[in-house]
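Each reported figure results from applying straightforward, stated rules to the coordinates on display, with no laboratory input. Owing to the predicted nature of the structure, the values given are computational and were not obtained by experimental measurement. Every residue, glycine among them, receives a Cβ derived from its backbone with ideal geometry; neighbour counts consider all protein chains shown.
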Amino acid sequence: QDTIRKTQDTVKVQDTIRTQDTIRMISPNRGEIVITQPEFRGGMTAMRQYIDDNFVYPDDAARRSVNGKMEVEFTIEKSGDVSYVSILKGLDFSIDEEVLRLLKAMPRWIPATKNGAPVRYKVSMPITIRASRSKKSGTALQGIYDR
């Protein structure tokens, strides 16, 4: 299975060059390996907009003014589909359920690639939830990728 996951030194790397969305490694055994991270179509701004437009702050959480930071993890498949969505650090049952619903319904991403071929890629990211007086929350997406 071709899955890229950030782990502890699984390949001895002589030289690594990393830009914001690409990792270029030179390995004595495997030659050059170029990895690009998956991208939400339209970038982070579009992803924030998707979350803001589609997150519905649960009534019970609103009554209790639940706020805080949670951490989620999911896999971007070779096709760009989102799968294996999970909550690593939950905030509140009803908010956790809403975030799971939202992430599972995400549109396709541009998949990660390894030497130009699409590969599965595990993404983890924090999401900050801020209570709002309206049904829509002022959710804040803070950062993405890699643990």
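One table, with the values for the structure above:
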| read-out | value |
| --- | --- |
| Gain on full stretching of the segment that runs from ALA46 to SER94 - 0.36 nm per residue minus C-alpha separation | 14.8 nm |
| Burial ordering of LEU102, LEU88, fewest other beta-carbon atoms within 10 Å first | LEU88, LEU102 |
| Surrounding net charge for ILE87, when Lys and Arg each add one and Asp and Glu each subtract one, Cβ distance under 10 Å | -3 |
| Residues VAL56, VAL119, VAL99 arranged by fewest to most Cβ contacts within 10 Å | VAL56, VAL119, VAL99 |
| Ranked list, fewest to most other Cβ atoms within 10 Å of each Cβ, for THR75, THR45 | THR45, THR75 |
| Under Karplus coefficients 6.51, -1.76 and 1.60, residue-wise ³J(HN,Hα) of segment 70-83 in Hz, glycine/proline x | 10, 10, 10, 9, 7, 10, 9, 6, 4, 7, x, 5, 8, 9 |
